[in-house]
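Asks: First the structure, which I've put down as structure tokens, then a few questions once you've had a look.
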Amino acid sequence: MGTLMRLLELTPAETAFLAAAPAGPDRLQARLTRKLAATLSARLRLPVQAMAMAMPADAPAGALASPVWQPDAVLASLWLVRRLGGQRVIGTTPFVPHTLIHTLDAMLAECWLDEAAQADPPSALAWQLTAAHTQATLAVRLPRPTTDMTRWARGVIRHA
């Protein structure tokens with residue numbers, strides 16, 4: 001006759017892990033929203049609030065190999081002025097600095113790789129940003145297969 005093996009009690013950390021909601025698009029966007037606000041606040045040396053918003057229905061579809069950021073002219077201008085040491089944004093520019101895109105890529109890659117198990121990412125995410133009485137919008141289109149996103153994120157982190 002065999003001996004019964006007694007199971008150990010779960011630790012509070014193990015219980016919390018098992019009770020946590022699985023990763024999904026809503027959790028990814030919430031995490032990205034917090035990280036986006038923190039990253040932009042630090043880089044711009046200005047408090048930035050980010051609020052997730054619905055992506056327009058007319059967002060272009062198609063197969064993507066990597067995320068495509070779509071900052072508006074207001075955000076691009078704010079980035080240029082603040083990163084060059086200016087204080088006030090007057091006017092806008094359609095030029096999107098590559099340093100802004102690299103910063104956003106690094107932030108997204110870190111968030112993506114921090115999630116233990118990713119569900120299929122949404123096709124696009126968007127935010128309304130507020131900084132010093134300036135309103136801007138930012139959107140990103142994402143590759144659909146999780147393997148493409150993971151491969152891209154690892155490449156970004158490797159080259160950072």
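Asks: Got at least one residue in segment 82-101 being modelled with pLDDT of 95 or more and within 22 Å of residue 27 (Cα to Cα)?
Replies: No, every residue in segment 82-101 fails to be modelled with pLDDT of 95 or more and within 22 Å of residue 27 (Cα to Cα).
Asks: Pick out the one residue from 64, 125 that is in contact with a strand residue (DSSP E or B) (Cβ under 9 Å, 6 or more places away or on another chain), aliphatic (A, V, I, L, M), more than 19 Å from residue 45 (Cα to Cα) and in a loop (DSSP other than H, G, I, E, B).
Replies: Being in contact with a strand residue (DSSP E or B) (Cβ under 9 Å, 6 or more places away or on another chain), aliphatic (A, V, I, L, M), more than 19 Å from residue 45 (Cα to Cα) and in a loop (DSSP other than H, G, I, E, B) holds for just one of 64, 125, which is 64.
Asks: Determine the pairs where a residue that is within 15 Å of residue 111 (Cβ to Cβ) and part of a helix (DSSP H, G or I), located within segment 137-160, has a partner that is of a type in the set (Gly, Ala, Ser) and open to solvent by 30 Å² or more (accessible area, probe 1.4 Å) with Cβ atoms under 6 Å apart, the partner being 6 or more residues away or on another chain.
Replies: Cβ pairs passing all conditions: 152/66.
Asks: Which residues, taken from segment 55-77, are surrounded by fewer than 15 Cβ atoms within 10 Å (Cβ to Cβ) and modelled with pLDDT under 80?
Replies: If the condition is that a residue be surrounded by fewer than 15 Cβ atoms within 10 Å (Cβ to Cβ) and modelled with pLDDT under 80, then 56, 57, 58, 59, 60, 61, 62, 63 are the ones that fit.
The values are calculated or read from the model by the stated rules, or taken from the named source; none is laboratory data. Because the structure is predicted, anything quoted here is derived from the model rather than measured. Reconstructed Cβ throughout: ideal geometry from the backbone, glycine too, with neighbour counts over all protein chains shown. Each accessible area value is taken on the protein alone, full model and side chains, heavy atoms only, with ligands, DNA and RNA left out. Shrake-Rupley method; radii C 1.70, N 1.55, O 1.52, S 1.80 Å.
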